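What follows is one structure encoded as structure tokens, with my remarks underneath.
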Amino acid sequence: MNWIKTRIGSTKYAFNGIIECFKEPNFFIHSVGAVIVIVSGLALGINRLEWLTLLLTIGMVLIAEGLNTAIERLSDKVSSEYDELIRQAKDIAAGAVLIAALLAFIIGIVLFYPYVAKLI
């Protein structure tokens with residue numbers, strides 16, 4: 001029973017992490033975009049497979065942004081002075097977010113285009 005209590009208690013750290021993510025402007029911007037996309041999916045009546053694709057894509061972007069935030073914060077803690085390897089780590093993490101966001105944008109176009117084309 002103690003193990004279960006410990007597991008449940010540890011989720012508070014995960015929720016704290018989510019709250020910290022929302023303090024980051026880019027995470028917040030991606031979250032607003034996710035809400036817009038979800039509302040659009042509801043309005044356009046996308047199907048179940050499209051919802052799964054949409055939700056996985058949103059998750060991919062938010063996870064990438066959260067990991068990027070963690071890498072940035074840890075890097076800043078490790079050294080406040082310029083370090084080439086830390087710069088590279090931050091750039092790579094930011095690049096991963098960019099890849100995820102661009103892929104999400106392309107998926108959004110492919111997913112929503114047929115619905116929008118019918119409206120026009």
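The values are calculated or read from the model by the stated rules, or taken from the named source; none is laboratory data. Source: prediction; values computed, not measured. Because the Cβ atoms are built from the backbone with ideal geometry, glycine has one as well, and the counts that use them run over all protein chains shown.
Of all the criteria given as (1) closer than 20 Å to ALA89 by Cβ; (2) more than 18 Å from the chain's Cα centre (by Cα), the one not satisfied by GLU24 is (2).
Does ILE19 satisfy the criteria of being exposed (fewer than 11 other Cβ atoms within 10 Å of the Cβ), more than 30 Å from PRO114 (Cα to Cα), without any contact (Cβ under 8 Å) to a residue 60 or more places away in the chain and aliphatic (A, V, I, L, M)? In short, yes.
The single condition among (1) within 19 Å of the chain's Cα centre (by Cα); (2) surrounded by fewer than 12 Cβ atoms within 10 Å (Cβ to Cβ) that ILE58 does not satisfy is (2). Can we say TYR82 is at pLDDT below 95 and not polar (S, T, N, Q)? Judged against the criteria, TYR82 is a match.
Taking the criterion of being under 20 Å from ALA101 (Cα atoms) and either among the hydroxyl-bearing types (Ser, Thr, Tyr) or exposed (fewer than 11 other Cβ atoms within 10 Å of the Cβ) (or both), the residues of the range 37-48 that qualify are VAL39, SER40. The set of residues in the range 104-120 being within 20 Å of LEU62 (Cβ to Cβ) and in contact (Cβ under 8 Å) with a residue 60 or more places away in the chain consists of GLY108, LEU111, PHE112.
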